[in-house]
1. Every residue in segment 73-92 that is out of contact with any helix residue (DSSP H, G or I) (no Cβ under 9 Å at 6 or more places or on another chain) and of a type in the set (G, A, S), please.
2. Can you tell me which condition S83 does not meet? The list is (1) assigned to a loop (DSSP other than H, G, I, E, B); (2) buried (at least 16 other Cβ atoms within 10 Å of the Cβ); (3) at pLDDT 85 or above, and all the others hold.
3. Pairs only if they're at least six apart or on different chains, beta carbon under 7 angstrom, first in segment 45-56 and over 16 Å from H108 (Cα atoms), second aromatic (F, W, Y); list them, first residue then second.
4. Taking the stated definitions as given, is S12 in a helix (DSSP H, G or I) and at pLDDT 90 or above?
Amino acid sequence: MKVSLWVSPVVSAVVLFGSVGVATSTGAWVTGGREQVSQSTRLTVDDLKGWMTLQQAADGLGIPVATLIELLDAPHGVSLAPSTPFKEVEGQVPGFELATFRGRLRDHLAGGQPALPVPEPSAGRR
């Protein structure tokens with residue numbers, strides 16, 4: 001009778017920890033909001049997060065990392081590496097905000113430049 005008393009708790013513990021172990025070993029167990037970004041991962045501009053490195057963003061968007069760094073408009077003397085996360089760019093590039101950078105990047109990926117205001121004709125011309 002004492003053996004049957006311990007069977008149920010032991011089986012429950014094995015099933016619980018076994019499922020966590022299997023999920024972890026297969027990569028299905030995700031405990032954080034960060035996802036693995038590689039060249040095969042497709043991201044949109046809205047998927048960019050502050051923890052992502054410039055290389056991860058470039059890989060996910062399918063653009064060269066040099067182009068991404070150029071779009072950041074870092075002042076002279078600021079060196080940005082592909083391993084630099086966006087949250088560190090905010091401290092190195094004055095006025096940089098990821099939210100506004102997404103718009104600029106979206107325009108670049110669309111192949112166009114931001115719309116410029118159309119100059120109004122002067123009153124002296126006919």
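1. G77, G91 - these are the residues of segment 73-92 that are out of contact with any helix residue (DSSP H, G or I) (no Cβ under 9 Å at 6 or more places or on another chain) and of a type in the set (G, A, S).
2. (2)
3. From segment 45-56, the pairs are G50/F86; M52/F86.
4. So S12 fits the description; yes.
The values are calculated or read from the model by the stated rules, or taken from the named source; none is laboratory data. From a predicted model like this one, the values you see are computed outputs, not experimental measurements. No Cβ is skipped: glycine too gets one built from the backbone with ideal geometry, and neighbour counts run over all protein chains shown.
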